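S.K.: Before we start, here is the structure in question, set down as structure tokens.
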Amino acid sequence: MKEVVVSGIRSTGKLHLGNYFGAVKNFLQLQEDFDSYFFIADYHSLTTHPNPTDLQGSGKRVLAEYIALGLDPEKCSIYFQSDVPETAELYLFLTMNAYLGELERVASFKEKARTQPNNINAGLLNYPILMAADILLHKGVKVPVGKDQAQHLEMARTFANRFNRLYNCNYFPEPQAFSFDGILIKVPGLSGAGKMSKSTGDADAIYLDDEATHLEKKIMRAVSDSGAMGMNTPKSQAVQNLFDLMALVCDPDVILQFDNDHKAGTIRYGDLKKQLAADMEIFIAPLRDKIQTILANEKHLNEIAKYGAEKARISAQKTLREVREIIGFRTN
Ligand code: TYM
């Protein structure tokens with residue numbers, strides 16, 4: 001039997017470069033050799049209270065992006081989380097042995113509680129439980145994610161093991177965060193600070209459908225160094241971020257040249273950013289065009305979603321039948 005791979009992306013806007021390199025790039029390879037489930041986490045997106053139009057629009061968008069980037073509905077199951085209601089039932093079961101203290105200690109929850117004090121809803125607190133349900137629903141073992149999700153994966157392991165202990169069984173496997181090179185990546189944003197994210201605004205993120213001129217403008221405005229520079233001055237965080245972004249799309253020889261210039265204290269950040277913008281455009285242009293084409297074909301997208309949900313529900317229903325039996329519910 002093939003190992004099961006499960007992963008998702010929240011439908012809270014367009015995909016950015018961090019989503020691509022943290023998740024989708026691995027999805028593309030995994031769909032070839034594993035039993036893979038890739039979904040659009042639209043239940044998760046409700047923590048930010050989108051209106052119905054936005055909820056639908058961003059879900060459709062992520063689906064179109066999945067297809068444009070190369071996910072193949074015949075090779076994997078691509079579905080909307082909300083089309084597989086077994087997710088919600090497993091989530092309910094898992095909430096019963098998840099504890100307040102451990103949920104309150106999750107870094108992403110603490111961060112949200114700090115940045116959005118007026119909307120600290122229970123969905124945010126329970127976010128890692130819903131994620132665990134997504135994964136355990138298919139008994140997933142490999143979970144392709146970026147570094148920011150590592151703690152959530154740890155929680156999923158905790159919930160899986162706790163269920164097994166409580167019911168004295170060995171039902172759920174331990175899911176592991178996965179990337180092909182074994183390193184969970186963190187793609188930085190353009191603001192010189194943290195990771196690229198959907199919530200830090202357009203100037204910080206590189207979207208997979210950014211228009212060429214807009215993309216260039218954003219990169220040219222990215223934070224770099226302003227202070228005086230000597231030989232062998234260590235790279236500031238902002239400069240390191242630019243080098244990290246170059247590593248994703250530029251030729252290694254070109255990066256080496258800029259690195260040497262940095263060591264020599266002769267680097268010109270304007271030139272570095274021009275190079276980064278040019279190579280980023282080469283990377284993004286074909287994706288941008290494909291996304292637009294696929295997004296326009298609503299009928300095709302609806303068919304893919306329906307087909308994916310049917311496939312995903314076969315495995316989801318089997319799991320829920322077994323879980324209900326383990327817990328002790330009447331089965332029929
Ligand atoms: P989300 O939508 O924030 O991000 C989707 C995927 O993209 C990765 N990612 C990044 N990787 C590297 N650098 C970055 N700057 C960056 N930003 C985002 C994330 O690590 C993730 O892999 N909770 C998840 C969605 C989810 C899920 C799941 C994932 C729901 N259920 C079950 C795996 C398994 C999330 O919010 O991802």
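The values are calculated or read from the model by the stated rules, or taken from the named source; none is laboratory data. None of these values were measured; they are calculated from a predicted model. Cβ placement follows ideal geometry from the backbone for every residue including glycine, while neighbour counts extend to all protein chains displayed. All accessible areas refer to the heavy atoms of the entire protein, side chains included, with ligands and DNA or RNA removed. Shrake-Rupley method; radii C 1.70, N 1.55, O 1.52, S 1.80 Å.
S.K.: Let me spell out the model: positive unit charges on the Cβ of Lys and Arg, negative unit charges on the Cβ of Asp and Glu, origin at the Cα centre of region 198-292. What dipole size does that give, in debye rounded to 20?
M.R.: 240
S.K.: Sort 210-220, 102-112 by the packing proxy (mean of other Cβ within 10 Å over each peptide's residues), most packed first.
M.R.: Ranking, from highest mean packing down: 210-220, 102-112.
S.K.: Any idea of residue 25's accessible area? Nearest 10 Å², probe 1.4 Å.
M.R.: Solvent-accessible area, nearest 10 Å²: 90 Å².
S.K.: Of the residues 18, 123, 230, which exhibits the maximal mean-square fluctuation in a Gaussian network model of the chain defined by a 10 Å Cα contact cut-off?
M.R.: So, out of 18, 123, 230, the one fluctuating most is 230.
S.K.: Ignoring ligands, DNA and RNA, what percent of the 1.4 Å accessible area of the chain is carbon and sulfur?
M.R.: The C+S portion of the solvent-accessible surface of the chain is 52 percent.
S.K.: Whole number in Å², please: accessible area per residue of the chain, 1.4 Å probe, ligands, DNA and RNA not counted.
M.R.: So the chain comes to 48 Å² accessible per residue, rounded to a whole number.
S.K.: Same structure, new question: Among the lysines, select those whose C-alpha is under 23 Å from the C-alpha of residue 75, and discard any that sit fewer than 8 residues away in the same chain.
M.R.: Straight-distance partners of residue 75: 2, 25, 60, 139, 142, 290, 299, 306, 311, 318.
S.K.: Compare 61, 157, 114 in a GNM of the chain, Cα atoms joined below 10 Å, and give the one with the largest fluctuation.
M.R.: Among 61, 157, 114, the largest mean-square fluctuation in the Gaussian network model of the chain belongs to 114.
S.K.: Using only C-alpha atoms and all pairs of different ones, pull out the Kirkwood radius for the chain in Å with one decimal.
M.R.: 21.2
S.K.: For residue 244 and residue 307, FRET efficiency with R0 = 30 Å and r from the beta-carbon atoms, rounded to 0.05?
M.R.: Once rounded, the FRET efficiency stands at 0.20.
S.K.: When Lys and Arg each count +1 and Asp and Glu each count -1, what net charge do the other residues less than 14 Å away from residue 97, Cβ to Cβ, add up to?
M.R.: +2
S.K.: Right, next: On average over all directions, what projected area in square nanometres does region 242-332 have, based on the convex hull of its Cα atoms?
M.R.: 11.4
S.K.: Translational diffusion coefficient of region 1-104 at 10 °C, 1.306 mPa s, Stokes-Einstein with Kirkwood Rh over Cα pairs, in µm²/s as a whole number.
M.R.: Answer from the Stokes-Einstein relation: 107 µm²/s.
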